[in-house]
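K.L.:
Pasting in a structure now, in structure tokens, and then I'll have a few things to ask.
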Amino acid sequence: DERSDSLVADCDVHHSVLAGIAVWECPGGYFTLRGNRVHHNLGKSNWDGIEIIDTPYVAVLNNIVYDNAPENGVPEGDQIDAGGTNALTSPSHHVIYEGNLVYGRGGGVKMNNEPLHCIIRRNVILDTGMDFYEGPTKIAICHNTVADGRQAVQFWGDGKSANFGGTQVRNNLFVDTTAYAVSLGNKTVSSPDSVHLDHNVYRFRTGNRRGINVNAADFDATFP
């Protein structure tokens, strides 16, 4: 429960069966993960390349994260993931992903189960996208480049969380997705004030005419 003030820096973490770097249930918080190369970890049983669970005040800075998945088969985990175990009152809050390069095989860059007051900015994310599951609130998603994934940003939920509480998606480049560039799907939001999309630049892959998808219960949206 005590404040950690721990630093994991300049490490080469690879070929683990489960996670590459995992910070698990440290409610005192204060961890910095900086300048690490995290790759070729298998992520069995839904572990991730970099994983933060039920831990506040974590900075994930300037890491290179790639190919965290088996060479064959569907990835079980994500490249970077922060959030809670199963409850919608996650103790994970004030988490920042900044300046990371993510690419290759593996799942997305993710936050799930209501992390609060988080920032995702100035990351380059290739071959995958950003995923937000069950109501992260007050999240700033700014100045990222996301290219060549299925979806650049996906908000997904089962209706357990009321909304995404003023999440801001601004000044990003979303390039050459194979599906929707932005998808708000499956009971994700219940209020038009939940997610704000401003000043993003979209370039669509040749032949892909899908832009923004809103498919949520009781949600009316008007786009100019």
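K.L.:
Work out the charge dipole of the chain with +1 on the Cβ of Lys and Arg and -1 on the Cβ of Asp and Glu about the Cα centre, then indicate which of His94, Ile64, Phe31 is farthest towards its positive end.
P.N.:
Ile64
K.L.:
Going highest first, how would you order 105-114, 171-180, 5-14, 124-133 by mean Cβ packing within 10 Å?
P.N.:
So the order, starting with the most tightly packed, is 105-114, 124-133, 171-180, 5-14.
K.L.:
In addition: Relative to 2.2 N^0.38 Å, what does the C-alpha radius of gyration of region 1-87 come to as a ratio? Two decimals please.
P.N.:
Dividing the Cα radius of gyration by 2.2 N^0.38 Å gives 1.05.
K.L.:
Whole-Hz Karplus ³J(HN,Hα) for region 21-32, in order, using 6.51 cos²θ - 1.76 cosθ + 1.60 and θ = phi - 60°, x for Gly and Pro?
P.N.:
Each residue of region 21-32 in turn: 10, 10, 10, 10, 6, 10, x, x, x, 6, 10, 10 Hz.
K.L.:
Which value, in debye to the nearest 20, describes the size of the charge dipole of the chain about its Cα centre when Lys and Arg Cβ atoms bear +1, Asp and Glu Cβ atoms bear -1, and nothing else is charged?
P.N.:
Dipole about the Cα centre, nearest 20: 740 debye.
K.L.:
Report the equivalent ellipsoid semi-axes for region 106-160 in whole Å, largest first, defined as the square roots of five times the eigenvalues of the gyration tensor built from alpha carbon atoms.
P.N.:
One finds semi-axes of 19, 14, 7 Å for region 106-160.
K.L.:
I would also like to ask the following. Which of Ser92, Ser45, Ser183 moves the most in a Gaussian network model of the chain with Cα springs under 10 Å?
P.N.:
So, out of Ser92, Ser45, Ser183, the one fluctuating most is Ser45.
K.L.:
Still on this structure, I have one more. About the Cα centre of region 57-185, what is the dipole size in debye to 20, counting +1 per Lys and Arg Cβ and -1 per Asp and Glu Cβ, all else neutral?
P.N.:
In debye, rounded to 20, region 57-185 gives about 460.
K.L.:
If you work out Cα extents along the principal axes in Å from the coordinates, which of (1) 67, 58, 34; (2) 54, 39, 37; (3) 46, 38, 29 do you get?
P.N.:
Correct label is (3).
K.L.:
For the chain, modelled as a GNM with alpha-carbon contacts under 10 angstrom, which of Arg209, Arg122, Arg150 fluctuates the most?
P.N.:
Arg209
Values quoted throughout were computed directly from the atomic coordinates according to the rules given, and no laboratory measurement underlies them. These figures come from a predicted structure and were not determined experimentally. Please note: Cβ atoms are built from the backbone with ideal geometry, for glycine as well, and neighbour counts cover all protein chains shown.
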